[in-house]
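Visitor: Dropping a structure here in structure tokens format, bear with me for questions.
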Amino acid sequence: LIGRNNFGLATYFRGFRSFIFVMAARGIRVVGELIKSRGQTLRVVRPEQNLEMCATLLSSNNIARVPVVSDEHELVGLVSERDIRLAISIPYFHTSFLSKVESVEKLRKLTVGDIMTQNPVSVDSETPIEDVIKLMLVR
């Protein structure tokens, strides 16, 4: 079992090393450059918003998670499709489940602040990609 775990971690790390090489080849060395290269607008939600609004944002923009920011624009949490799925007890994050009457009622009753992961680990836009990967391997 230990060998299997070590092999999995080694494979995981090789994937990250490949990612670093690809980013370096594209001239992307820090987080801010990676974000700009994706050409997407950063979407955020507030803790007081209901989950219906959050679920709509995620599904309509085809994103899996969204940062939660305070009125002062500080990062206070993170909400994912999985968080929403677990909060309202549905098997898949899909419109066929999200649009059911009982799901909509649950989504309207809960807020982002109720289910968000609080105080997520974050990095500065000038953080090297390689440092971020090391942090991800540790966490």
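Visitor: State the percentage of accessible surface on the stretch 8-138 attributable to carbon and sulfur atoms; use a 1.4 Å probe and exclude ligands, DNA and RNA.
Guide: Within the stretch 8-138, the accessible surface is 53 percent carbon and sulfur.
Visitor: Grab the alpha carbons of the stretch 65-123, take their convex hull, and tell me the volume per residue in Å³.
Guide: Dividing the Cα hull volume of the stretch 65-123 by its residue count gives 87 Å³.
Visitor: Summing Lys, Arg as +1 and Asp, Glu as -1, what charge do residues with Cβ under 9 Å from the Cβ of PHE93 carry, PHE93 excluded?
Guide: +1
Visitor: If amide H atoms are built 1.01 Å from N in the plane of the peptide, which residues on other chains or at least 5 residues away come under 5 Å of the amide H of VAL76?
Guide: Long-range HN contacts for VAL76: VAL68, VAL69, SER70.
Visitor: Further question: So what does the Cα-only Debye profile of the stretch 8-138 read at q = 0.19 Å⁻¹, as log10 I(q)/I(0), no solvent term?
Guide: Those come out to -1.09, one per q.
Visitor: Which lysines have a Cα lying under 28 Å from the Cα of LYS134, excluding residues fewer than 8 positions away in the same chain?
Guide: Within reach: LYS36.
The values are calculated or read from the model by the stated rules, or taken from the named source; none is laboratory data. Note that the structure is predicted; figures quoted are calculated from it, not measured. Counting neighbours? That spans all protein chains shown, and the Cβs are built from the backbone with ideal geometry, glycine included. Just so you know, the surface numbers come from the protein's heavy atoms only, side chains and all, with ligands and any DNA or RNA stripped out. Shrake-Rupley method; radii C 1.70, N 1.55, O 1.52, S 1.80 Å.
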